[in-house]
Every structure is written in structure tokens, then in C-alpha cells.
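Values quoted throughout were computed directly from the atomic coordinates according to the rules given, and no laboratory measurement underlies them. From a predicted model like this one, the values you see are computed outputs, not experimental measurements.
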Ligand code: G6P
């Protein structure tokens with residue numbers, strides 16, 4: 001940290017999520033911010049120009065004397081940074097449209113973080129993430145990377161193993177789960193302590209401490225009896241029975257593995273109705289969001305931002321930043337290197353787990369053995385992720401085919417080969 005204050009570089013500065021992050025940084029008055037530098041590529045210049053103007057209006061409204069800059073020059077953005085918030089999307093939303101559409105054309109789930117869509121995203125993103133990690137080492141060797149770029153857990157592992165150890169992977173889902181459960185119990189925010197373990201977009205809540213008691217079992221019962229998954233969709237009788245047997249609360253993305261036929265049917269229905277993939281929907285939301293951002297009278301993040309999926313991203317990022325920068329230890333669910341916290345997984349694997357975050361970074365809390373059924377899935381997906389990282393680093397098509405076949409949302413050599421043939425040149 002410089003003597004004058006904290007310098008934050010935001011990679012993917014032209015993202016529609018940036019006002020969310022800026023809002024979080026500005027509202028945490030304890031954080032002595034000196035500057036926020038947005039960085040994007042030339043294709044993102046217009047969006048970044050719009051976002052930087054809005055961010056400056058937000059800083060004025062908040063009465064914060066923070067320099068807010070924008071650049072297309074990586075060296076300039078990273079030099080002297082204390083924190084690098086990585087929230088870029090390699091290939092932009094156009095690439096996400098393909099990631100989601102190609103698997104669907106082969107009868108497989110098309111999603112930006114899991115299954116074949118997440119895999120195609122990872123192949124493109126891992127080399128860029130490693131390059132960024134090496135530039136951080138060269139240009140700002142005291143900095144921490146806070147990675148939100150998807151697939152967040154896999155990308156975090158690639159950076160930790162191949163480039164930059166001062167990296168912490170973030171996801172908004174654990175905090176969303178905590179708030180949802182608190183709301184359901186009418187408990188004040190911050191009064192619950194959730195113990196979570198697994199991988200990114202593949203984690204479970206295995207204990208909920210409230211006023212000194214573990215209330216997980218009655219909370220699971222309440223969701224099962226209410227007939228709705230914690231994030232809202234209706235449960236069938238079989239879903240209810242399954243949740244009761246699991247005895248834990250699952251990350252909503254686990255439905256892709258446990259209810260793949262239903263999830264695929266939903267995606268196919270969207271296509272039949274002419275709504276296109278989620279990425280195409282996001283393109284429409286973004287067009288409206290940027291029209292709002294360009295309004296010179298707008299000086300706060302607009303409510304329309306909640307139509308995007310990243311709710312609470314800024315709170316997670318700013319809480320981690322504050323704990324590290326001010327060395328204020330706190331327990332949070334983040335993506336870190338396993339070391340020996342989860343005995344069933346390799347020591348070099350990234351895991352999403354309750355951790356202690358402080359001035360030395362984030363360290364996973366030791367975990368009891370995983371429930372048997374969950375452990376099987378977690379180990380398979382971690383093996384897939386490690387093969388996918390290897391495929392992205394070596395550009396070995398055979399390794400890519402092996403990884404994609406191992407992913408249970410593909411699970412077939414011919415389907416994996418067909419998806420790769422469509423996607424490999426890009
Ligand atoms: C959730 C996930 C994020 C993801 C976002 C997508 O919040 O945890 O990893 O980036 O949804 O939202 P979008 O609006 O882009 O579909």
C-alpha cells in the first residue's frame with residue numbers, strides 16, 4: 001500500500017458491473033482509497049469511457065476525493081496497484097453467446113461456467129489469466145489479484161499454480177445464500193455464520209451457526225417443506241426427498257449436475273420461445289444499462305443493474321479488500337488453494353471454502369470429511385478442471401477431449417469431439 005492510500009486496478013473496466021464495484025469501494029469509508037484505474041482493451045473503449053464518467057459522478061456524489069482514471073495501457077494501469085480486480089471476459093459477450101449455443105446444438109447444457117460452455121470459456125480465459133498474473137508480478141509485485149473472472153474457481157487455480165500466488169478467487173453465490181437464509185429466518189444480516197465447502201459453483205452449506213447453535217437441520221427441513229430451492233424454483237417430491245437425504249444446502253449451480261434433463265429442457269425452451277441464450281438476454285440488458293449509464297444526471301448505480309446475475313459481487317470484493325488491506329481478520333467463503341483443508345482433494349486444487357482472510361491473504365479452514373455422494377462429484381469435477389487447465393496451457397487437443405469427456409454434463413467422447421470441432425478454431 002502506498003503512503004497516500006490504496007490503488008485499485010480494475011481489469012475489464014468497461015464491464016457493466018463496474019459501477020457496482022465502484023459503489024462498494026466508495027461506500028466503505030474505512031478504506032483509504034487513492035485511485036481506481038479502469039483498464040480495458042481497444043474494443044471496450046466506448047463502454048469504459050461511459051463507465052469512467054459515471055464512476056466520477058458517483059465519487060462526486062459520495063464526496064470522496066478519489067482519482068478515477070481509465071486507460072487501455074496495461075502497464076500504466078498495473079504499475080503501483082495494490083489490488084487488481086479481475087472481471088474481464090475474454091472475447092466479450094459474443095464469445096459467451098457461442099459458449100452457450102455450441103453445446104446446446106449438440107444436445108448439451110450451454111452455460112458460461114459449468115459443462116461444455118464453462119470449458120470453452122476456460123480454454124480462452126486461462127492463458128489470459130496467466131499472462132495477467134505474470135504482469136502483476138512484474139509491475140506491481142505487492143499486489144493481490146481478486147479474481148471474479150469466470151469460471152472463477154478454475155481460473156483462480158490456473159493463476160495460483162502458474163503465475164501469481166497472491167490471488168483470491170471470488171464468487172457472489174455464498175453471500176447471496178447467506179442473505180437468503182437470513183431473510184428466510186428474519187435474522188439480521190451478518191448474524192449467521194455459514195460453513196461452506198466444495199468448489200466454485202459446486203459448494204454446499206454444511207453448518208449454520210446462529211446464536212451459538214447449529215440450525216442447519218431445521219433450515220434444510222424448512223426449505224424442503226416449503227417446496228422451493230433456496231434460490232426460488234419449485235421442487236418436485238423427489239427433489240425434496242433428495243435435499244433431506246443430503247442434509248445440506250446446495251449452491252444453485254448444483255442443479256446442473258443433479259437435474260441436468262430439467263436444466264437442459266429449460267434452456268431449449270428459451271431457444272424455442274425466441275429468447276435465445278442467457279448471453280443474448282444479457283446483451284439486451286446491457287444495451288439498456290449503458291443507455292442509463294450515459295445519462296449525465298445519473299450519479300449512482302441504477303436499479304436496472306439488478307437484472308444482471310452478479311448481485312453482491314461488490315460487497316464480497318470490498319470485504320476481502322478491506323480484510324487484506326487493513327489486516328482486519330474475518331471469516332469469508334472464497335476460493336483458495338486447498339493445501340490440506342479437504343483431505344479428498346489434491347493440495348494444489350483451488351476450493352471454495354470458509355476461510356480466514358487477513359493481511360496475509362486467505363487460508364482455508366480445516367474441513368471434516370465430505371459427505372460421500374458429494375465427494376464423488378467434487379473429485380470428478382476437480383479432475384476435469386485440472387485437465388482443462390492443462391489443455392488450456394499446453395493447447396493439446398487430446399487433453400481437451402479427455403477433460404470435456406470427463407465432465408458429467410458432456411460425458412461422451414463423440415459429443416465432446418463434436419463440440420470441440422465447432423469451437424476449437426476460436
Ligand atoms: C452469478 C454467478 C456469476 C455470474 C453471474 C452471471 O452471479 O455467480 O459467476 O457471472 O451470475 O450473471 P449474468 O447476468 O451475466 O447472467
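Structure above, values below:
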read-out	value
Over the chain: helical MRE at 222 nm, DSSP H runs n ≥ 4 each giving -39500 (n - 2.57), nearest 500	-15500 deg cm²/dmol
Relative contact order for region 6-169, counting Cα pairs under 8 Å that sit 6 or more residues apart, in percent	22 percent
Tensor-based shape of region 239-372 (alpha-carbon gyration tensor, a/c under 1.5 rounded, otherwise prolate or oblate)	oblate
Residue-span extension gain [residue 241 to residue 222] - 0.36 nm each, minus C-alpha spacing	5.6 nm
Antiparallel bridge percentage (DSSP; both residues within the chain; nearest 5)	55 percent
Relative contact order (%) - criterion: Cα under 8 Å, at least six apart; region: region 355-426	17 percent
Anisotropy class of the chain from Cα gyration tensor, a/c 1.5 cut	rounded
C-alpha center-to-center spacing [region 349-414, region 223-240] in angstrom	27 Å
Tensor-based shape of region 6-169 (alpha-carbon gyration tensor, a/c under 1.5 rounded, otherwise prolate or oblate)	prolate
Choice from 178, 414, 100 showing the highest fluctuation, given a GNM over the chain with Cα pairs closer than 10 Å	414
Inter-centroid distance (Cα atoms) of region 144-178 relative to region 1-73, Å	20 Å
